[in-house]
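Participant: Dropping the structure in here first, questions after.
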Amino acid sequence: MAHVTVISEFHFAQQIVSGHHRLTADEPLARGGSDSGAAPYELLLGSLGACTSITLRMYAGRKGWELGKITVGLRYTAGSDDQQAHIDRRLSFAKPLSDEQHRRLLEIADKTPVTRTLKAGVVIDTSIAHSP
């Protein structure tokens, strides 16, 4: 289970707190923010990319495969009336791999926890806590 608290004290800048970790989210200048952190969709892509890279590294470790540096490039395109939103994910590895290894890594990338969550959708329940 994951738990995060987001605190907003001024304008669009957000402080994201997860245990002892702190991140900042904001909107870019062009959207009225102060660009003090990554935008929300950038953080979403970062979560997907991190989960992908971690899962692939774990899988390769179990197989004894050396991947070297893993790079996961991601691009989000918003949906429109006739098209669903789309994420393009590109993987690259510093070490040479066989076609079979590439095929298997693509299969594993499609089964990562965050990938599955995004593809399946998630129920979000929202409520308002009573103020003191």
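Participant: Is it true that ILE7 is within 27 Å of LEU106 (Cα to Cα) and open to solvent by 60 Å² or more (accessible area, probe 1.4 Å)?
Facilitator: Answer is no for this residue.
Participant: Next question, about the same structure. Go through (1) within 30 Å of LEU97 (Cβ to Cβ); (2) acidic (Asp, Glu); (3) in contact with a helix residue (DSSP H, G or I) (Cβ under 7 Å, 6 or more places away or on another chain) and name the single condition ASP35 misses.
Facilitator: (1)
Participant: Pick from GLU100, GLU66, GLU42: which is within 26 Å of GLN14 (Cα to Cα), surrounded by fewer than 16 Cβ atoms within 10 Å (Cβ to Cβ) and not β-branched (Val, Ile, Thr)?
Facilitator: Just one listed residue meets the conditions, GLU42.
Participant: Moving on. Out of (1) in contact with a strand residue (DSSP E or B) (Cβ under 7 Å, 6 or more places away or on another chain); (2) surrounded by 15 or more Cβ atoms within 10 Å (Cβ to Cβ), what's the single condition that is false for ALA60?
Facilitator: Failed condition: (1).
Participant: Within the stretch 116-129, identify whether any single residue is in contact (Cβ under 8 Å) with a residue 12 or more places away in the chain and closer than 24 Å to ASP26 by Cα, and answer yes or no.
Facilitator: Yes, the stretch 116-129 contains at least one residue that is in contact (Cβ under 8 Å) with a residue 12 or more places away in the chain and closer than 24 Å to ASP26 by Cα.
Participant: Scan the stretch 12-54 for residues that are part of a loop (DSSP other than H, G, I, E, B) and hydroxyl-bearing (Ser, Thr, Tyr) and jot them down.
Facilitator: Correct list: SER34, SER36.
Participant: Now for a separate question. Write out, first by first residue and then by second, each pair whose Cβ atoms fall under 6 Å of each other, whose residues are 6+ apart or on separate chains, and whose first residue, in the stretch 30-49, is free of Cβ contacts under 8 Å to residues at least 60 places away in the same chain while the second is open to solvent by 60 Å² or more (accessible area, probe 1.4 Å).
Facilitator: These pairs meet every condition: GLY33/PHE12; ASP35/LEU29; TYR41/TYR76; LEU45/TYR76.
Participant: Sticking with this one: From the list SER92, SER80, pick out the single residue that is among the polar types (S, T, N, Q), closer than 27 Å to LYS111 by Cα and exposed (fewer than 10 other Cβ atoms within 10 Å of the Cβ).
Facilitator: SER80
The values are calculated or read from the model by the stated rules, or taken from the named source; none is laboratory data. Because the structure is predicted, anything quoted here is derived from the model rather than measured. Glycine also receives a Cβ, built like all others from the backbone with ideal geometry; neighbour counts cover every protein chain displayed. Heavy atoms of the whole protein, side chains included, go into the accessibility calculation; ligands, DNA and RNA do not. Shrake-Rupley method; radii C 1.70, N 1.55, O 1.52, S 1.80 Å.
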